[in-house]
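The values are calculated or read from the model by the stated rules, or taken from the named source; none is laboratory data. Just so it is clear, the structure is predicted and the values come from calculations on it, not from any experiment. Here the Cβ positions follow ideal geometry from the backbone for every residue, glycine too, while neighbour counts run over all protein chains shown.
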Amino acid sequence: MRAHQLPARAVVSCGFLIALAAVAPAARLRAAEAPQTPGLLPAFSDGGSSSREARRQAIDCLPLEQMTEPQRQAVEKALRSTTLYRKLPVQTLTCDTDLFDFALANPESIVDIWRVLGISRLVLDPAGHAQWRLADGYGTVGMLRLLHHARRGHKGTLVFHGRGAYSGPLAPKPLSGTCLLVVQHEPVTPAADGRQRQQIRIDAFLDVDGVGLEIVTRSLQPIIVRSAASNLHEICLFMSTLSEAATENPEGIVHLASRLTRTDPEDRQALATIARAAGKNSPLAAATPADAERLQTELAARWLSTDELDQVHRRR
């Protein structure tokens with residue numbers, strides 16, 4: 001099979017990787033899985049923006065009045081020193097609301113799923129309350145922290161701040177920098193068959209240190225912009241697939257959750273509970289041991305393996 005043509009991998013620049021690695025599989029979807037499957041997104045196209053108006057709207061939505069003084073200072077510093085701003089294309093996906101909320105609250109568990117499936121080199125480890133240490137396996141390392149989470153029902157805004165570095169073939173010199181990420185999410189009108197749908201909007205503010213500024217503005221900006229957009233698109237594809245699997249094969253997700261050795265036991269149990277609730281009223285739900293064992297193979301088959309990903313990177 002040929003790989004999906006979108007560069008859906010860990011984002012190459014430190015700032016956008018830090019911004020997106022919490023939810024990015026750093027994987028490529030196989031071309032044979034790209035056609036329109038019910039519940040998944042349409043083919044990717046970048047409808048993002050770097051306009052002043054988009055940037056102003058992103059800043060206006062920041063809940064600064066709800067933040068502590070240190071949090072506000074971190075946000076304001078990031079806004080003053082932005083090298084590159086990008087509003088990513090708004091994504092709407094079919095996904096169980098509880099599963100979607102779980103992914104936002106426990107990004108390390110989703111990354112652990114990719115590890116078990118063998119489709120990503122990404123490592124995302126908790127490093128304290130609402131903080132994560134990350135490495136994409138291809139030259140980027142960093143720290144990510146959740147500065148603030150404002151929530152009303154299932155609608156919310158998350159503000160992340162990260163710092164990291166990239167050293168690899170896409171840049172002649174090592175890059176380092178910081179990133180501010182504003183994630184807005186909310187449920188939207190269900191699909192015609194009643195399945196729940198979610199909308200996610202992401203604004204990213206990247207600040208590159210020193211010599212990296214010229215590299216990014218002259219050479220890497222187009223790659224960063226497209227990689228970030230396509231990465232988010234395929235993240236949503238994965239979450240739609242995972243939600244569909246939870247509905248049709250809840251015991252398969254329960255079995256998968258039991259193998260997440262880098263996930264806290266309480267979070268493994270929470271994921272299992274969400275899957276069983278999603279499949280409770282589904283006439284398609286499978287419950288045999290064979291079906292549970294088969295799910296992991298079926299999920300992994302839609303994505304390039306880590307060995308295949310390595311070959312893609314060696315060709316760059």
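Test Ser109 against the criterion of being of a type in the set (Ser, Thr, Tyr), surrounded by fewer than 22 Cβ atoms within 10 Å (Cβ to Cβ) and in contact with a helix residue (DSSP H, G or I) (Cβ under 6 Å, 6 or more places away or on another chain), and give yes or no.
So Ser109 fits the description; yes.
Yes or no, residue by residue, for (1) at pLDDT 90 or above; (2) assigned to a strand (DSSP E or B); (3) more than 18 Å from Ile59 (Cβ to Cβ):
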| site | (1), (2), (3) |
| --- | --- |
| Leu170 | no, no, yes |
| Lys173 | no, no, yes |
| Val183 | yes, yes, no |
| Arg195 | yes, no, yes |
| Phe205 | yes, yes, no |
| Gly210 | no, no, yes |
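For (1) under 30 Å from Arg56 (Cα atoms); (2) in a strand (DSSP E or B); (3) touching a strand residue (DSSP E or B) at 6+ places or on another chain (Cβ under 9 Å); (4) of a type in the set (A, V, I, L, M, F, W, C), each residue gets a yes or a no:
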site: Val75; (1), (2), (3), (4): yes, no, yes, yes
site: Leu79; (1), (2), (3), (4): yes, no, yes, yes
site: Thr82; (1), (2), (3), (4): yes, no, yes, no
site: Arg86; (1), (2), (3), (4): yes, yes, yes, no
site: Leu93; (1), (2), (3), (4): yes, yes, yes, yes
site: Leu104; (1), (2), (3), (4): yes, no, yes, yes
site: Ser109; (1), (2), (3), (4): no, no, no, no
site: Val116; (1), (2), (3), (4): no, no, no, yes
site: Ser120; (1), (2), (3), (4): no, no, yes, no
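Pairs under 6 Å by beta carbon, first residue more than 15 Å from His148 (Cβ to Cβ) in the stretch 51-70, partner surrounded by 11 or more Cβ atoms within 10 Å (Cβ to Cβ), six or more apart or different chains?
Between residues of the stretch 51-70 that are more than 15 Å from His148 (Cβ to Cβ) and residues that are surrounded by 11 or more Cβ atoms within 10 Å (Cβ to Cβ), the close pairs are Ala54/Lys87; Arg55/Tyr85.
Can you pull out every residue in the stretch 55-69 that is under 17 Å from Lys155 (Cβ atoms) and either basic (Lys, Arg) or touching a helix residue (DSSP H, G or I) at 6+ places or on another chain (Cβ under 8 Å) (or both)?
Selection gives Leu62 alone.
Among (1) in contact with a Pro (Cβ under 9 Å, 6 or more places away or on another chain); (2) touching a residue at least 12 places away in the same chain (Cβ under 8 Å), there is one condition Gly118 misses while meeting the rest; what is its number?
Result: Gly118 passes all but (1).
How many residues does the stretch 58-77 contain that are over 25 Å from Val90 (Cα atoms) and among the small types (Gly, Ala, Ser)?
The qualifying residues number 1.
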